[in-house]
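Below you'll find the structure, written out as structure tokens, and then a few comments.
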Amino acid sequence: MIKLSKRLNKIAELVDFGASVIDVGTDHGYVPNFLCENKISRDVIATDISKNSLEKSIELTRELGNEKEIRNILANGIVNEERDNIIIAGLGGIQIAEIIAKSIDIAKYSKKLILQPMQKTNILRRELNNMGFEIFDEEIIYEDERYFEIILAKFLNYKNEDLKEEDFYFSKKLIEKKDKIYLEYLKEKKDYLRSIIKSFDPNSQRSKKRNQELNSLLKKVEEAIDEISS
Ligand SMILES: C[S@@+](CC[C@H](N)C(=O)[O-])C[C@H]1O[C@@H](n2cnc3c(N)ncnc32)[C@H](O)[C@@H]1O
């Protein structure tokens, strides 16, 4: 029986029962095999760009006897086959956005994109909006002294023109849900922003501009904290 980390377990939990799935950048193949073992999906594609990584997934699939349900494919990004759910986890936000853009027609068909960026979540949110995807929910996990944001999106063919660059730094959904873990995340962000603002040289022109940007971001973080705490 596979025991997943808290982060991967949440990702697996978000997969729709009976969905056809692709796990892009699967590495060890934990999620695909977990989905099969737990009868959540019987039709999973596991891809990885690295032969070495994919070998681990192939080995685990064989070991657990899931060859009929999991197709391990060496590929760069999403393969050309429609899937109900697309998982892209553990990669950078920019990388995830590029993978989606490259296979936009397949991604448009998907009922649910389950995306877990390791950094640059703001850029991923912005690019999803630019491509016409709606973020219909978000989750946040705290594990090993780190926060992991998970974005759930689907194609809506609508770009919200009202959103500003700063808006993409925040999870509207987690604020609406008054998520307690997100509150802790925002508090840490507030302390971090304060500490860099403090370290700036007040006489440098370059610092002045950056200082303004960071102060504006700090204000938004404080507003979000107030909203969740209210
Ligand atoms: C840090 S691991 C994440 C593994 C797993 N998804 C997780 O969240 O624990 C990233 C994996 O993505 C693979 N990868 C990176 N870029 C990729 C791409 N464009 N297409 C497919 N796989 C990719 C890497 O080879 C690596 O195995």
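The values are calculated or read from the model by the stated rules, or taken from the named source; none is laboratory data. None of the values given here were measured: they were computed from a predicted structure. Cβ: placed from backbone, ideal geometry, glycine included. Neighbour counts: every protein chain shown. Heavy atoms of the whole protein, side chains included, go into the accessibility calculation; ligands, DNA and RNA do not. Shrake-Rupley method; radii C 1.70, N 1.55, O 1.52, S 1.80 Å.
The figures follow:
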| read-out | value |
| --- | --- |
| Accessible-area value, Ser207, 1.4 Å probe, nucleic acids and ligands omitted, Å² | 20 |
| In order through segment 149-161: 3J(HN,Hα) via Karplus (6.51 cos²θ - 1.76 cosθ + 1.60), integer Hz, x for Gly, Pro | 8, 10, 10, 10, 9, 8, 6, 10, 6, 9, 10, 7, 6 |
| Extreme residue, positive dipole direction of the chain, given options Ser216, Ile40, Ile140 (C-beta unit charges) | Ser216 |
| Linear extension gain, Asp201 paired with Lys68, 0.36 nm per residue minus alpha-carbon span | 41.7 nm |
| Sequence of Glu138, Glu161, Glu213 when ordered by accessible area, the most exposed leading, probe 1.4 angstrom | Glu161, Glu213, Glu138 |
| Accessible-area order (highest first, 1.4 angstrom probe) of the listed residues Arg71, Arg125 | Arg71, Arg125 |
| Degrees, to the nearest 10: 180-199 long Cα axis against longest axis of the chain | 50 |
| Surface accessible to a 1.4 Å probe, per residue, for the residues of segment 181-230, Å² | 70 |
| FRET E, pair Ser229, Phe136, Förster distance 41 Å, beta-carbon r, rounded to 0.05 | 0.95 |
| Label-point separation, Tyr109 to Glu176 (7 Å along Cα→Cβ), nm | 2.9 |
| Protein accessible area in the chain, 1.4 Å probe - carbon and sulfur % | 48 |
| Gain on full stretching of the segment that runs from Lys219 to Asp16 - 0.36 nm per residue minus C-alpha separation | 69.3 nm |
